[in-house]
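No lab work stands behind these numbers, since they all come straight from the coordinates. These figures come from a predicted structure and were not determined experimentally. Cβ: placed from backbone, ideal geometry, glycine included. Neighbour counts: every protein chain shown.
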Amino acid sequence: MDLSQLTISEASQLLRRREIRARELTQSVLARIETSDPLLHTYLTVCAEEALAQAAAAEQHLQTPETASPLCGVPIAIKDVILTKGVRSTAGSRMLADFVPPYDATVIQRLKDAGAIIIGKVNCDEFAMGSSTENSAFFPSRNPWDLTRVPGGSSGGSATAVAADQSLASLGTDTGGSIRLPAAFCGVTGLKPTYGRVSRYGVVAYASSLDQVGPVTKDVRDCALLLQTIAGHDPKDSTSVNLPVPDYQATLTHGVQGLRVGVPKEYFVEGMQPEVEEAVRTGIAALTALGVAPVSISLPHTEYAVAAYYIIATAEASSNLARYDGVRYGHRAAQSDGLVAMYEQTRAEGFGSEVKRRILLGTYVLSAGYYDAYYLKAQKVRTLIRQDFLQAFQECDVIATPVAPTTAFAIGERTTDPLTMYLSDIFTIAVNLAGLPGLSVPCGFDHQGLPIGLQLIGKPFDEATLLRTAYSYEHCTTWHKRKPTL
Amino acid sequence: MAQVTKEDVLRVARLARLTLDEQDAEAMTAHFTKVLAYIEKLTVLPTDDIEPATHAVTVAAPLRADCVTNAPDPALLQTALAKDDTFFKVPKIIE
Amino acid sequence: MEYEAVIGLEVHAQLLTESKIFCGCSTKFGAPPNHHTCPVCLGMPGVLPVLNQRVVEFALRAAVATQCRVASHSRWARKNYFYPDLPKGYQISMYELPIAQHGHIDITVGEQQKRIGLTRIHMEEDAGKSIHDPQSETSLVDLNRAGVPLLEIVSEPDLRSPEEAGAYLRSLRAILQYVEVCNGNMEEGSLRCDANVSIRPRGSSPFGTKVEIKNMNSFRAVEKAIHFEIQRQRAALKSGEHIVQETRLWDADREVTRSMRSKEHAHDYRYFPDPDLLPLVIADEWIDRITATLPELPPARRDRLVRDYGLPVYDAEVLTARKDVAEYYEAAVRAYPAAPKAISNWVMDSVLRLLKDEKLDTALTITAWPCPPEHLGALVRLIQEGSISGTIAKNVFAEMCASGKTPATIIAEQGLSQVSDEGALTGLIVQVLAAHPEKVAEYRAGRDKLMGFFVGQVMKASEGKANPQLLNALLKQHLTPE
């Protein structure tokens, strides 16, 4: 059996029953990476040595399986914006091409405490800015279902790794859809938790009020397991919320009786790929068949979400990326005539085009005379969007929508017009603005064999209901079991 | 809303400490114009009585006790490309 | 045309917390460069700020002590600009919603009392330090100071003269020391001051163009710089020039304000609320608790000293400028309550001078006094009761400081008691007069000035111990012919 094909839950059982060893599981994944990555270009850094050492340590823990966490001995891939101590972390950028952080992100510490194996750092759009992973300074990753197409972004590598069994699961980040979109494009499960559910400490910041770390997994149970490990208050992150983390696994199989699913009319628009709409509606119908009552709802300010996002996110990013000046770490321009020149050259050389575009736009919308018209306005619209959702949640428990208007597009297809690329996020962005949890599960394939995702949106800190609903849906389908042939 | 010119873009680039060559500046101006035109749609929404949503979380700020919890760590200075003893070194600041 | 000056002061006070405002690094001064740093205050990728509770406590103390209205909700803002000593490329500060507003400080200049408005108080993080070597092509950056908490205190433009500015600064410093939030040491940089100066025709109400003055490193420098700037602006307007709105640096060597050479002054800080920090909520209970535990503040203490001890206002101002000095003074008076003015003189002239000379007054609290206050009280008692003369007392004081012994012990050991024994003094007088018959004759012939000579001679013969009043009386007796 090719151990790399296991889910976390399956592997965990086998490990704890001593039917397989942590070392062989890690080796199996490493072997899979070796054969498949020349095609997929998922990995920026493979941590073979460290992973095997971690596997050996995990083996020790597994001697007393009752005390071992479900993640003990399980290889996880990490999006390269999440810092790993002693292991190069680039954020997909030339600016940090050789940056080796002296500390771990909190989520990494939690994985390590659980005995998980950090198998490697995977590719992403530079500084998490993008929807296709084509903005990576290094190379674009490929969609395992069709190597000429994008895997989605910005957590493209996180999704390809899972879809192609190059790791058992991965961590990504989501600011405007960056976990859910690649999960949908690659036929895997991805969750963006409620803002504040998971610590952002040690995660390279893009848009501080929108970023969240989340799991990308082969199925919903794995998603619950991984979320369980990384969620929870972190005193190092003032925006992380001090609320207890429920036992997501325990309620997974409780079914969906009595739940109501809201279907917002604004999310089924002209210009959507017809097969995508069909697959999503079929998914919603399946939920209905399981006992979930469908409710028609309206989220009237949906069409303003992308505009509001691109003001708020770029404004915050322009400030967050000011620290990349070559002084204390990262790239520094070789020869400079004075300090200002050093800053300008360092940043011109270190940042790619999309990052520059967003920094400049963000700087512009915050600059004197424009703050009220843009930034303040966008934050008010954000309140309206949030109110839309909170109002809707009075009539339903989860909201179901498509993840994207299309399936995976071709590499290079949308790079000439950034605005077109921005519109890939229209169904996911509002969820970040409202700070709500959102999950993408596979719900079909188009006629070209490209995956389609169903998005479920939940109430604040109600990941348990989301996961339970997704689990019930997944249980009566087999989309998630299909694997790409490479 | 304002029309964006290349001068605006260059001014903003200065603020953000990013150099742009002629070509980039032109492309950026075109991009800005497009994006700002798209963003224009927000102006139709009446928002005078709406509070800006600066934080998703509505709890009060967490506070930490006033204790020294960090010890000096030489590893932190390893990432700098230019140092003088334990100072960070930068090109001269021309006032 | 008569012009009046309009001055506002912006003060930054370093707070006396153990750790920095947003991370657990030490704030202790004097460590090797970049010794007290961590990923957070170095602005490394992915780091986040966590607010130090004591910073808020200290801000509230300062706010309550200056009668400010404390905001129940205040907000952190990012002030964005690039400089090597600002690791994140932005400073976390407060902008639209500061923690406190609309307070005031009462100052005294000469006989006049005046109320100076306080526009706002807020907290922010300090930047690091850059060292520029004029010889080399590089600058060096030390981030030990980056993240040290500061209070920014902005006055209304209510000040009208350099003296008022000095008085305001001194009053503010005293308050900050009394509530134990800041050392108030300008020379060390724990208190910094920028001034905004403009002038306008007397009687007119619109403000003139204001000029910001920076780089003043002492109270005297602030007064001098403001004085210079007022004259400069006056001269400029008189010769038909316009005042340029700009920032000027005080040049302490040449005692002038100089225009900064850098071209780009349009600082666009692009303030926006910091998304990494939640709004600060201050409950009324917290403010009540602070109000209840505030010490007696300088103005109240000064008034009490004037009232209870009959001191002149000047003395009371000097003695209450520092809480520990005021406590020292009152402890000395408790030891000998009969002569508060005399004790005041001793504290001001001798004790404070010593402290200043030996630089024992730079910390928030003086720990090494020249002598215990009770000993000082005892010394003054001995003088007042006639046991020693004023001259001898100075020596006794010096010995007290050197040895730590009580004045009584020193006097006993060295036999310094004032000679008030008529017999003994008479003996010395007779000796002196016998030694200088010509002078005696001259005196008796009318040269009254010679009394000083005789007094000096007897005093010398008595090793300074003669009781001056008695000596004068006896000398007169002996010199006046029967």
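Taking the Cα centre as origin and putting +1 on Lys and Arg beta-carbons and -1 on Asp and Glu beta-carbons, what dipole magnitude results for the range C:157-267, to the nearest 20 debye?
On the way: 18 positive and 16 negative charges, 89 e Å.
Around 420 debye, computed over the range C:157-267.
So between C:THR409 and C:ASN217, what do we pick up on full extension, going 0.36 nm a residue minus the alpha carbon distance?
Extending this stretch completely gives an extra 64.7 nm.
Given the rule -39500 (n - 2.57) for each run of at least 4 DSSP H residues, summed and divided by the residues of chain B, what is its mean residue ellipticity at 222 nm, to the nearest 500 deg cm²/dmol?
About -9500 deg cm²/dmol.
Return the calculated 222 nm mean residue ellipticity for chain C, to the nearest 500 deg cm²/dmol, obtained by summing -39500 (n - 2.57) across DSSP H runs with n ≥ 4 and dividing by the residue count. Spell out each step's value before the answer.
Values: 16 runs with 187 residues, N = 482.
-12000 deg cm²/dmol, from helical runs alone.
Of A:TYR471, A:GLY362, C:LEU151, which is farthest along the charge dipole of the protein assembly as shown in the positive direction, counting Lys and Arg as +1 and Asp and Glu as -1 at C-beta?
Going by the charge dipole, the pick is C:LEU151.
When the helices in chain A are scored as -39500 (n - 2.57) per DSSP H run of 4 or longer and the sum is shared across all residues, what 222 nm value do you end up with, to the nearest 500 deg cm²/dmol?
-11000 deg cm²/dmol
Please name whichever of A:ILE312, A:PHE427, A:PHE268 sits farthest to the positive end of the charge dipole of chain A, dipole taken about the Cα centre and charges placed at Cβ: Lys and Arg +1, Asp and Glu -1.
Farthest towards the positive end: A:ILE312.
Under a crude label model (7 Å from the Cα following the beta-carbon direction), how far is A:ALA293 from C:ARG447 in nanometres?
12.4
When the Cα centres of the range C:316-361 and the range A:427-462 are compared, how far apart do they sit, in Å?
Distance between centres, Cα-based: 74 Å.
Mind checking the angle between helix C:219-238 and chain C's longest principal axis? C-alpha axes, 0 to 90 degrees, to the nearest 10.
Between helix and principal axis, roughly 70 degrees.
Less than 19 Å apart at the alpha-carbon level, and either on another chain or at least 8 residues along: which lysines does that give for A:LYS481?
In chain and number order, the partners are A:LYS218.
Could you please report the charge total around A:VAL46, scoring K, R as +1 and D, E as -1 over all other residues with beta-carbon less than 13 angstrom from its beta-carbon?
Once positives and negatives cancel, what remains is -2.
May I ask you to derive the FRET efficiency for C:GLU255 and A:LEU39 from their Cβ-Cβ distance with R0 = 45 Å, giving the value to the nearest 0.05?
On the way: r = 74 Å, r/R0 = 1.65.
Efficiency, rounded to the nearest 0.05: 0.05.
Any chance you could check the Cα centroid distance between the range A:45-85 and the range A:306-358 for me, in angstrom?
34
Output the antiparallel fraction of DSSP beta bridges having both residues in the protein assembly as shown, as a percent to the nearest 5.
The answer is about 80 percent antiparallel.
To make sure I understand, if each residue's beta carbon is the centre and we count other beta carbons within 10 Å, what order do C:LEU176, A:LEU439 fall in, fewest to most? Each step should come with its number before you reach the end.
On the way: C:LEU176 27, A:LEU439 31.
Fewest to most other Cβ atoms nearby, the residues stand as C:LEU176, A:LEU439.
Can you give the FRET efficiency to the nearest 0.05 for A:ALA373 and C:LEU294, using r as the Cβ-Cβ distance and R₀ = 35 Å?
Calculated value: 0.20.
Roughly what angle does helix C:53-65 make with the longest principal axis of chain C, taking Cα atoms, 0 to 90 degrees, to the nearest 10?
So the helix axis and the longest Cα principal axis differ by about 60 degrees.
With r as the distance between the Cβ atoms of C:LYS114 and B:ASP49 and R0 = 56 Å, compute the FRET efficiency 1/(1 + (r/R0)^6) and round to 0.05.
Computed FRET efficiency for B:ASP49 and C:LYS114: 0.85.
For the range C:422-479, what is the charge dipole size about the Cα centre, in debye to the nearest 20, if Lys and Arg each add +1 at the Cβ and Asp and Glu each add -1 at the Cβ?
So the dipole magnitude of the range C:422-479 works out to roughly 100 debye.
What dipole magnitude, in Debye to the nearest 20, does the range A:171-250 give about its Cα centre under +1 on Lys/Arg Cβ and -1 on Asp/Glu Cβ?
Once rounded to the nearest 20, the dipole reads 80 debye.
Give me the number: length gained by fully extending C:GLU137 to C:ASP324, i.e. 0.36 nm times residue separation minus the C-alpha to C-alpha distance, one decimal in nm.
Length gained, C:GLU137 through C:ASP324: 62.6 nm.
Order of A:THR485, C:THR138, C:THR365 from fewest to most other C-beta atoms within 10 Å?
A:THR485, C:THR365, C:THR138
At 0.36 nm per residue, minus the direct Cα-Cα distance, what do C:LYS476 and C:ALA236 gain on full extension? Give it in nm, one decimal, please.
The span from C:LYS476 to C:ALA236 would gain 79.8 nm if fully extended.
At a 10 Å Cβ-Cβ cut-off, how would you order A:THR194, A:THR420, fewest neighbours first?
Values: A:THR194 25, A:THR420 13.
Exposure proxy ranking, most exposed first: A:THR420, A:THR194.
So which of A:LYS380/B:LYS41; C:LYS356/C:LYS405; A:LYS380/B:LYS6; A:LYS356/C:LYS129; A:LYS236/C:LYS79; A:LYS356/B:LYS6 end up more than 19 Å apart by C-alpha? Working shown, then result.
Numbers: A:LYS380/B:LYS41 14 Å; C:LYS356/C:LYS405 22 Å; A:LYS380/B:LYS6 29 Å; A:LYS356/C:LYS129 29 Å; A:LYS236/C:LYS79 22 Å; A:LYS356/B:LYS6 15 Å.
Cα-Cα > 19 Å for C:LYS356/C:LYS405; A:LYS380/B:LYS6; A:LYS356/C:LYS129; A:LYS236/C:LYS79; rest within.
First check a/c for the range A:383-486, with a ≥ b ≥ c the square roots of the eigenvalues of its C-alpha gyration tensor; if it is under 1.5, answer rounded, and if not, answer prolate when a/b is larger than b/c or oblate otherwise.
oblate
7 Å from Cα along Cα→Cβ at both C:CYS401 and A:THR406: what's the point-to-point distance in nm?
So the label points at C:CYS401 and A:THR406 sit 8.6 nm apart.
Would you mind checking A:LYS265/A:LYS459; B:LYS89/C:LYS20; B:LYS92/C:LYS224 for any pair whose Cα atoms are more than 27 angstrom apart?
B:LYS92/C:LYS224, as the Cα separations exceed 27 Å there.
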